[in-house]
Amino acid sequence: MKYSRKYNFAASTSLLIALFSTLVMAVFLYFLMATVSFWLLLFFVISFLFSFYILQYRVEKFIFHRIKKMYKDVRILKEKDFPKPAVTTDMDVLTREVENYVNVKKLEIETLNVRENYRKEFMGNVSHELKTPLFTVQSYILTLLDGAMKDKKVRKEYLRRANKGVERLIYIVKELDMIAKLEIGGLVLNKEEFNIISLVQNIFDLLEMRAKKKNISLVFDKEYNEEIIVNADRERIEQVLTNLIVNSLKYGKQDGTTEVSVERILKNKVLVRITDNGEGILKENIPRIFERFYRVDKSGSRKEGGSGLGLSIVKHIVEAHNEKIYIESQFGVGSEFSFTLERGK
């Protein structure tokens, strides 16, 4: 049977006890008997085995109860989390096991802290996005109740502004509802085959006036003479493309360009790219760019408007198609968002 290192402590200690006891017994027997070798050997073996058993059993129980008490003192741990393997007296192994366990729990705690910070930030952002239109609506209504409703012109204008605030609230709630459905898989995709080039051109036509405000050119990377057919939910992909192009217009430079390219990759995939030469995104902001309500601009001015949900919805819709979305950006140079789609037949 292979000797286990966990017996080192008990074995070495038992050996010392047995040697010391045998030495004492040898001195004692020397004065009583002429031949002591057999009795000394027998006494040594018995002393060693008895000491080994007592030490191993007692030390294991001692360590086990001490460690178990440590786990109980750490309130966040559950009883089922306590390691089940037999306790060892090999301190190297024991230390390694405890360190591994602590590292796992430390990682879990750090993850929980990150999630808690994200939850707090998310709740703060939701509160900010909702309270602004709410307070706007409330202020107009209170003004009307205080007597402004008697002026027909003022009444009509204030009701119009209040309605605009309500529409923004509805828009935010609808987008939150869509994200919730996408996250739990409750949004049904109606896949069909359609020409992605034609869809992009339709979006260019719809956003042409908005692009002209900054004199931004909406262009393809080349002339597409042939159709490129994809298999996806047309309405949702239109929403993805619209959100990405609108985002490039928001943060695009005056007299800039937003370019769309569609590239056939592999046998059954298409890669759609939306590239601009706008403000770009700082490297530290890129990992969080698809979070709900996450803002690159921390000033709180919300100068570019929007709900802060657009990119989050984009990511969820693309992933609902079992596809991937990518981002490359350099601050001050521009950004490129790209995503894959399944090719049609």
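How much length is gained if the chain between Asn195 and Ala148 is pulled fully straight, taking 0.36 nm per residue apart and subtracting their Cα-Cα distance, in nm to one decimal? Could the numbers behind the result be given before it?
Working: separation 47, 0.36 × 47 = 16.92 nm, distance 5.34 nm.
The span from Asn195 to Ala148 would gain 11.6 nm if fully extended.
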Mean Cβ-within-10 Å packing, highest first, puts peptides 272-281, 224-233 in the order 272-281, 224-233
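Before anything else, pin down the relative contact order of segment 191-342: Cα pairs under 8 Å, at least 6 apart, normalised by residue count, whole percent.
Once divided by the residue count of segment 191-342, the mean separation gives 25 percent.
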Dipole check, segment 191-342, charges on Cβ (K,R +1; D,E -1), about Cα centroid: among Gly278, Ser217, Ile245 the Cα furthest to the positive pole belongs to Gly278
What's the exposure ranking of Met178, Met25, going from fewest to most Cβ atoms within 10 Å? Met25, Met178
What percentage of all Cα-Cα pairs in segment 134-228 are separated by more than 17 Å? 72
Sorted from fewest to most neighbouring beta carbons within 10 Å, what does the list Arg160, Arg236, Arg210 look like? Arg160, Arg210, Arg236
Could you sort the peptides 129-138, 101-110 by per-residue average Cβ neighbour count (10 Å cutoff), highest mean leading? 129-138, 101-110
Where a label projected 7 Å from the Cα of Leu134 along Cα→Cβ would reach, residues of segment 154-175 with amide N under 18 Å: 162-175
Show me 145-151, 14-20 ranked by packing, highest mean number of other Cβ atoms within 10 Å first. 14-20, 145-151
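FYI, it's all coordinate maths here, none of it is from the lab. Model, not experiment: these values are computed from the prediction. Here the Cβ is made from the backbone with ideal geometry for all residues, glycine too, and neighbour counts use every protein chain on show.
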